[in-house]
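Okay, so here's the structure we're looking at.
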């Protein structure tokens, strides 16, 4: 199986992310597409540079939503670590 490509029309990429690929997919003002293939995994991500050029309001909304999702993921990870720590102490 290839490490990247499309399956049923959905892009996937299971290569180890690199800073260059992250920048190419999430901050590429030279690419006119707003929706880009994800850096890692299956699905799509947002090209914030192009979105910023096309619609400033939507850019701010997407940036806030992305930050909240990221922080929520960190909070969930923190809760799991705390749960594991408390389980080890007993």
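Let me make sure I get this right: for the stretch 1-54, a, b and c are the square roots of the gyration tensor eigenvalues over alpha carbons, sorted descending. Under 1.5 in a/c it's rounded, otherwise prolate if a/b > b/c, else oblate. Which is it?
Oblate, because a/c is 1.5 or more while a/b does not exceed b/c.
Per q in 0.18 Å⁻¹, report the Debye log10 I(q)/I(0) for the chain, using one uniform scatterer on each alpha carbon and no solvent.
Here the Debye-derived log intensity ratios amount to -0.89.
Have a look at 11, 32, 19 and tell me which one the Gaussian network model of the chain (Cα, springs below 10 Å) gives the largest fluctuation.
Answer for the Gaussian network model of the chain: 19.
With labels modelled as points extended 7 Å from the Cα through the Cβ direction, what inter-label distance (nm, one decimal) is found for residue 65 paired with residue 10?
Here the answer is 1.8 nm between the modelled labels.
Taking the chain as a Gaussian network, where each spring joins two C-alpha atoms under 10 Å apart, which residue of 77, 63, 51 fluctuates the most?
Looking only at 77, 63, 51, the biggest GNM fluctuation is shown by 77.
Take the alpha-carbon centre of the stretch 49-90, take the same for the stretch 1-20, and report the distance between them in whole Å.
23 Å
Per 0.36 nm of contour for each residue apart, how much would the distance between residue 22 and residue 35 grow if the chain were fully extended, relative to their Cα-Cα spacing?
Extra length available between residue 22 and residue 35 comes to 3.3 nm.
Once the Cβ-Cβ distance between residue 42 and residue 84 is put in as r, and R0 is 22 Å, what FRET efficiency do you end up with, to the nearest 0.05?
Taking R0 as 22 Å, the efficiency between residue 42 and residue 84 is 0.20.
Show that you can apply the helix-only estimate: for the chain, add -39,500 (n - 2.57) for every DSSP H stretch of four or more residues, divide by all residues, and state [θ] at 222 nm to the nearest 500.
Result for the chain: -18000 deg cm²/dmol, rounded to the nearest 500.
Rank 70, 12, 78 by mean-square fluctuation in a GNM of the chain with C-alpha springs under 10 angstrom and give only the top-ranked residue.
78
Here, each number is a calculation from the coordinates, and none is a lab measurement. Note that the structure is predicted; figures quoted are calculated from it, not measured. So basically every Cβ, Gly included, is an ideal-geometry build from the backbone, and we count neighbours across all protein chains shown.
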